[in-house]
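Some notes on the structure that comes next.
Rule-based calculations on the coordinates, nothing more; no lab input. No experiment lies behind these values; they were computed from the predicted model shown. A quick note on method: Cβ atoms are made from the backbone with ideal geometry, for glycine too, and the neighbour counts reach across all protein chains shown.
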Amino acid sequence: MFTGLSVFDSKNCIERLKKLKERDAYFAWKRLIALCCENELPGFSSDDLFDLEALQPLTPRDEWQAYYDLELKLKPAVIRFIEMGVGRDLAILHDRTTSELRGLATLVLCLEGGMRPAQLFKLKEEDFKNLHNRYFSISIPPAKHAKRVEKAPFELDLSPEAGTIIQALIDRCRPDLANGQLLRFPDGSLAMAKSFDKALNSRLRAWAARNFVGPMPETAELKDFLRHLPHLTAYDFRHHVGHSLAMSGASADQIARVLGHSSTVAARHYIAATPELAVIKQKALGENAAYQEMMGMILTGEIGEESDWRGRKVAGMVDNRLFTGIGGCSSSSCDFEPVRSCYGCSDFNPFLDGDHAGVRDALRAEAASQLAISDAAGQTHRNPAVLQLEGVIAEVQVVINHCKNRKGCQ
């Protein structure tokens, strides 16, 4: 920074500092100049400290901008993909390795609790409560708190799916739980952020690989596909929880309580970002054709002709209409509702000439009916059925676009 100075004194150094654009270096050099002034080295005076303190970096950092941007990583299709992956793994928990089970538990805790890596690391077996295998909750330790201020843990209700996964992990690892630590890694790693991020991304990549190639061996094409999957962190899920609470109408106090914040400053930024996030979400629900094409590759199986299918065919009711001939199911058993749950499942193989547009229109009619009920009750933003239908409609639209592309190539 000081190369080329005619004279090494406070005036020239301060003038050079005003033009420095590297933010990280700015504060280090500013402190060095201040030390020279405080010790009144030749050419430096303590009077120059007043001019020095008034300086601001050229590129100020917006500390809250991330609260307005981060839902971009967790698009509705990605959330739906995670939900379907969790649902499939639930049926085969006994076949999952301990490492896979730990990654799955980390994923559901991040998705539902928005916990920081430090909070995940602090979780003990005693924090988890299981009431008759029907009601589950977990006590979340405080994320941050001031010195000499002890905050009581926040007890969060968990979904039956998350509770079942965590209970399976405890049953599998109970003899080896060091000091009762719920998510301790075998190597005792303290690199919390890196370890937990690796655990949850390993499950995402495993699901994507299974959806993309099924039982086929790993290929160069698969490696390239997995390389372009979004890399998610615990903080991406944390911001998603904050955004979701704000969009559902939660107060700043409620958001701060769930996320373990000692003040409502961050919560108010989540609430302020709600209109922008609504626009982002609407765009993510289907306007980007390239994104739809990519998600279509992992959300469903192979698209083909009905005449070529030899397995079980899907049939079901939507908005009091019976739909048949929309696709085949390659799963030997399925606990999900036909049609509604099919368009986000890798076992569903859509038929090229299926009435997918009819399914979409029927779902839209159901969504309109749900919105009318919510509006009448004054709870438009609190109806989870509407959000669920939005996601399913987006998945059907992805299949429609994929079918159009296939027909255009023939």
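Remarks
- For Asn130, residues with placed amide H under 5 Å, excluding near neighbours: none
- Residues Ser262, Ser346 arranged by fewest to most Cβ contacts within 10 Å: Ser262, Ser346
- Highest mean packing first, where packing is the average number of other Cβ atoms within 10 Å per residue, the peptides 354-363, 83-92 line up as 354-363, 83-92.
- Shape of segment 10-53, Cα gyration tensor, a/c cut at 1.5: prolate
- Contact order relative to length of segment 318-410, as percent, for alpha carbon pairs under 8 angstrom and 6 or more apart: 33
- Additional length obtainable on full extension of the chain from Asp171 to His231, 0.36 nm per residue less Cα span: 18.6 nm
- Fully extending the segment from Ser332 to Leu90, taken as 0.36 nm per residue of separation minus the present Cα-Cα distance, adds 85.6 nm.
- Cβ-based exposure ranking for Asp353, Asp47, Asp319, in which fewest neighbours within 10 Å come first: Asp47, Asp353, Asp319
- Fewest-first ranking of Cys37, Cys334, using other Cβ atoms within 10 Å as the exposure measure: Cys334, Cys37
- Sorted peptide list for 390-400, 367-377, criterion being average Cβ within 10 angstrom, highest first: 390-400, 367-377
- Stretchable slack from Asp253 to Lys198, in nm (0.36 nm times residue separation minus alpha-carbon distance): 16.6 nm
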